[in-house]
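Here the structure comes first, spelled out in structure tokens, and everything after it is commentary.
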Amino acid sequence: MTPTSPPLRAAALKVACSSCNLRELCLPVGFSEAELERLDTMVAMRRTVRRGDVLFRTGDPFEAVYAVRTGFFKTRVSSEDGRDQVTGFQMAGELLGLDGISNDRHSCDAVALEDSQVCVIPYGQLEHLSHEFTDLQRQFHKIMSREIVRDQGVMLLLGSMRAEERLAAFLLNLAQRLQARGFSASSLVLRMTREEIGTYLGLKLETVSRCFSRFQADGLLQVKQRQIRILDQDALQKLVNAAAC
């Protein structure tokens with residue numbers, strides 16, 4: 001585990017799945033109270049990661065997966081020429097660290113885009129409990145499947161969509177994920193920069209800025225720096241649907 005954040009007192013790190021308001025979005029879905037108590041003993045630690053700090057780096061030993069409790073992260077890989085490629089954005093209720101399962105080492109960096117907290121889930125204990133609780137194993141497989149589907153969606157964005165269509169799909173996906181967490185589906189505060197959006201979507205910074213300006217001129221968005229208001233969700237969806245045809 002990369003020592004990028006100051007240590008916290010043990011008493012301040014205790015967290016319980018049974019009382020977490022993200023329980024419907026994270027691992028403990030549909031469990032009995034007894035099973036939740038067992039999970040509480042596994043997810044016993046919470047870690048604070050300050051904005052710009054790294055939760056884990058490429059090559060770090062894989063020891064745990066991390067459930068984002070508050071905040072926002074990006075995952076990135078570095079190319080041979082030193083450029084960073086953003087591979088995903090993770091928010092509260094989503095998991096980080098699944099990349100390390102295959103080789104026992106992480107294959108990307110996870111960087112906090114704002115002050116964040118994660119629940120530390122030791123993978124060895126997760127495997128052990130998964131053998132006892134078939135619901136836990138099933139839910140973990142669903143999460144891994146969701147990550148695969150998301151990766152496939154990114155490949156579709158990069159392979160077949162024009163710039164405007166990529167940005168429209170990105171914004172709609174972000175809005176849907178935020179709505180599932182009780183936030184507005186139309187008013188967004190972007191935690192990532194336009195450059196980070198560009199590297200994720202395979203677009204230059206200038207192209208991303210031009211697309212935002214065009215969407216605003218066409219009445220699809222209201223843009224004020226990182227504050228985005230979706231004015232015409234149907235029009236954005238039509239852009240995405242046209243690309244899929």
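Table for the structure above
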item	result
When residues of segment 172-195 are limited to those that are free of Cβ contacts under 8 Å to residues at least 40 places away in the same chain and outside any loop (DSSP other than H, G, I, E, B), the one surrounded by the fewest Cβ atoms within 10 Å (Cβ to Cβ)	176
Residues within segment 196-231 that are in a helix (DSSP H, G or I), surrounded by fewer than 16 Cβ atoms within 10 Å (Cβ to Cβ) and charged (D, E, K, R), tallied	3
Within segment 66-85, considering residues that are in a loop (DSSP other than H, G, I, E, B) and under 15 Å from residue 199 (Cα atoms), the one modelled with the highest pLDDT	83
Checking residue 110 against (1) modelled with pLDDT under 90; (2) touching a Gly at 6+ places or on another chain (Cβ under 8 Å); (3) not hydroxyl-bearing (Ser, Thr, Tyr), the condition it does not meet	(1)
Residue within segment 119-129 that is part of a helix (DSSP H, G or I), of a type in the set (Phe, Trp, Tyr) and assigned by TED's automatic domain parsing to the domain that holds residue 227 present	no
Pairs, first closer than 22 Å to residue 34 by Cβ and modelled with pLDDT of 70 or more in segment 127-150, second of a type in the set (A, V, I, L, M) and exposed (fewer than 15 other Cβ atoms within 10 Å of the Cβ), C-beta under 9 Å, six or more apart	135/29; 139/29; 142/29
Which listed residue is of a type in the set (Ser, Thr, Tyr) and either touching a helix residue (DSSP H, G or I) at 6+ places or on another chain (Cβ under 6 Å) or in the same structural domain as residue 169 (by TED's automatic domain parsing) (or both), from 79, 107	107
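The values are calculated or read from the model by the stated rules, or taken from the named source; none is laboratory data. Everything numeric in this text was worked out from a predicted model, so none of it was measured. Cβ atoms come from the backbone with ideal geometry, glycine included; neighbour counts cover every protein chain shown.
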